[in-house]
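For reference, the structure discussed in these notes is given below.
The values are calculated or read from the model by the stated rules, or taken from the named source; none is laboratory data. From a predicted model like this one, the values you see are computed outputs, not experimental measurements. Note that each Cβ is placed from the backbone with ideal geometry, even for glycine, and that neighbours are counted across all protein chains shown.
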Amino acid sequence: MDEQKKYSTTSEGSDAQNHNGPATAQGPKKMNRRQALKYIGAGSGLVLLAGGTGFYGYRRSLRISSAEADRIKNVRFVIAGGSIGGITVAARLLRAVPEADVTIIEPRTRHHYQPGYTLVAAGVYDRSDVLFDQESLFLPGMKWVRDSVEAFEPEKNRVRTHSGDHIEYDYLVVGLGVETNPGSIEGFSEAIASDHAGSIYDLENAAKYRHLARSFQSGEAVFTYPAGFVKCGGAPQKITWLSEDLWRSEGTRENINVHFHTNRPSLFPVVPKVDAAITPLIEARGVHNHYRQTLRAIDVSTRTAIFEEQMADGSSRELRRKYDLLHPVPGFRTPGPLRDGPLTAPGMGGQMEVDRETLLHKRFDNVFGVGDCAATGAPKTAATIRKQAPAVADNLIDLALDRRPSHLYDGTSGCPLLTRYGRCMMFEFDFNGELVNEWIYQSTKETRIWWDFKVHGLKQLYRHVMMNGYV
Ligand SMILES: Cc1cc2nc3c(=O)[nH]c(=O)nc-3n(C[C@H](O)[C@H](O)[C@H](O)COP(=O)(O)OP(=O)(O)OC[C@H]3O[C@@H](n4cnc5c(N)ncnc54)[C@H](O)[C@@H]3O)c2cc1C
């Protein structure tokens, strides 16, 4: 059969090929201008329809009657912590009840867009890309108390601030986040101050790491993942893989051994499908993954990282690895007023004790938690807050109107897993680690489009959509 005959026979023989238009010996027929316009029109229509439906749903979700809004306008809502959790709840509340009495207690004058730290360390963002003037985040109607909470006094419906004031509330929302705990690793502070270690978990060190990685030519590069709850559980892996890719593109990779030591049993155990997809890709790049190993101490004088490895029989043993470049991630803890105060409970590691669906405190029925500080079992990410904040705002309104909380957080979170420069696996998942909307994200594929979205889109979503209450 000659080539011409072969192509014309198959093109007639199957519906799929007919659907794509007839093929020729010159290859598949190109789309003409009319067809292209038709597809663009259909695509734009779908986007508009999805956007319109989303916005209609959003408007409906905000709708309360003017009589109800009137009943709420003198209720005192106090929000402790003015970051993505606190501001998004406040903004959403004010979208529903523009006259609501909303006070935010936040000590910082500069807001940090923490999801951008990884990109600062990777040399994609500058420091200025992740800093916002705190004042610019407040919508009309938000009262800013520039102070910090010293103690929660829920029996008295008030908080005591650092400057000694008492702020009373009818409803309290706590969004204090979590902080790194340098004391969780012996020698951490000394190591991080040396010329051989940097970490993405604060802005100064993210910028420092960028220079260390770029000038690193050869030797042992050691990355770690801690025990306990972790802020953005994907971030320690992302910086490992981006660094590996950087050295590959700079031609130094063959002189560098890349080690990733993690406390966990695999690379991304919270989402088994992603774990199964990512592990062979990373192994093929020659990264040495070491599981169930926790960094306990760093000996700076000999540049040695000291790990505790959990063995299958329940015992543990000590392991040592020399490093030339170290990216240590310490453990995390909640801020003092939470971990030492009445809003936590034994066994929660200082996190706030809330119902994971309503986000209402389990013992104080006018106190909510949002974001990283709340013990929901969900990942500690801004993506989680995108789903939690509307639930908190709606449930605040419900309680203020003597109704039961009606908006349940369903456990959905998301992660842009940057696998290398220009590539990202984007996925959403639920409390059970099952992928959500897999077909939209193509969740287990590394794609360029989601890299671009992470770099250019997510910051806008965070700053202009979430923080303005359009969620
Ligand atoms: C390196 C890194 C990478 C990340 N990558 C991603 C990502 O790719 N995607 C993603 O979705 N998320 C990511 N995150 C996680 C995300 O930044 C956090 O989940 C999010 O910032 C949590 O918001 P929050 O409002 O709960 O707490 P935070 O943003 O931590 O804010 C807590 C606020 O409380 C204030 N505060 C603290 N103590 C007090 C006090 N006593 N009184 C009053 N106020 C107080 C603080 O000043 C701060 O403003 C990343 C984080 C890091 C560090």
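Applying the set (1) part of a loop (DSSP other than H, G, I, E, B); (2) within 14 Å of the ligand (Cβ to nearest atom); (3) under 30 Å from E68 (Cβ atoms) to I104 leaves exactly one unmet item: (1). Quick check: anything in segment 125-139 out of contact with any Ser or Thr (no Cβ under 7 Å at 6 or more places or on another chain), closer than 23 Å to Q388 by Cβ and away from the ligand (no atom under 14 Å from the Cβ)? The answer is yes; a qualifying residue exists.
Only one of the numbered conditions (1) farther than 21 Å from A206 by Cβ; (2) touching a helix residue (DSSP H, G or I) at 6+ places or on another chain (Cβ under 9 Å) is not met by D165, and that is (2).
Please find, within segment 139-186, the residue that is farthest from T103 (Cα to Cα) out of those that are of a type in the set (F, W, Y) and buried (at least 19 other Cβ atoms within 10 Å of the Cβ).
Of segment 139-186, the ones of a type in the set (F, W, Y) are 144, 152, 169, 171.
Then keep just the ones that are buried (at least 19 other Cβ atoms within 10 Å of the Cβ); that gives 152, 169, 171.
On the way: F152: 15, Y169: 9, Y171: 11 Å.
Ranking the qualifying residues of segment 139-186, first place goes to F152.
Among the residues of segment 305-315, are any closer than 25 Å to T447 by Cα and either assigned by TED's automatic domain parsing to the domain that holds A382 or among the β-branched types (V, I, T) (or both)?
Step one: list which residues in segment 305-315 are closer than 25 Å to T447 by Cα, which gives none.
No: segment 305-315 contains no residue that is closer than 25 Å to T447 by Cα and either assigned by TED's automatic domain parsing to the domain that holds A382 or among the β-branched types (V, I, T) (or both).
I'd like the full set of residues that are within 13 Å of the ligand (Cβ to nearest atom) and not hydroxyl-bearing (S, T, Y), limited to segment 109-124.
Applying the first criterion (within 13 Å of the ligand (Cβ to nearest atom)) to segment 109-124 yields 109-122, 124.
Of everything in segment 109-124, those that are within 13 Å of the ligand (Cβ to nearest atom) and not hydroxyl-bearing (S, T, Y) turn out to be R110, H111, H112, Q114, P115, G116, L119, V120, A121, A122, V124.
Does any residue of segment 447-466 turn out to be touching a Ser or Thr at 6+ places or on another chain (Cβ under 7 Å) and either polar (S, T, N, Q) or in a loop (DSSP other than H, G, I, E, B) (or both)? The answer is no, given that none of the residues of segment 447-466 is touching a Ser or Thr at 6+ places or on another chain (Cβ under 7 Å) and either polar (S, T, N, Q) or in a loop (DSSP other than H, G, I, E, B) (or both). Within segment 203-254, the set of residues being in contact with a strand residue (DSSP E or B) (Cβ under 7 Å, 6 or more places away or on another chain), more than 12 Å from the ligand (Cβ to nearest atom), assigned to a loop (DSSP other than H, G, I, E, B) and over 21 Å from Y125 (Cα atoms) comprises S218, P226, A227, G228.
Has segment 305-323 got at least one residue that is in contact with a helix residue (DSSP H, G or I) (Cβ under 8 Å, 6 or more places away or on another chain) and crowded, with 17+ Cβ neighbours inside 10 Å?
no
Annotation for segment 149-156: at least one member residue is without any contact (Cβ under 8 Å) to a residue 40 or more places away in the chain, more than 15 Å from the ligand (Cβ to nearest atom) and in contact with a strand residue (DSSP E or B) (Cβ under 9 Å, 6 or more places away or on another chain).
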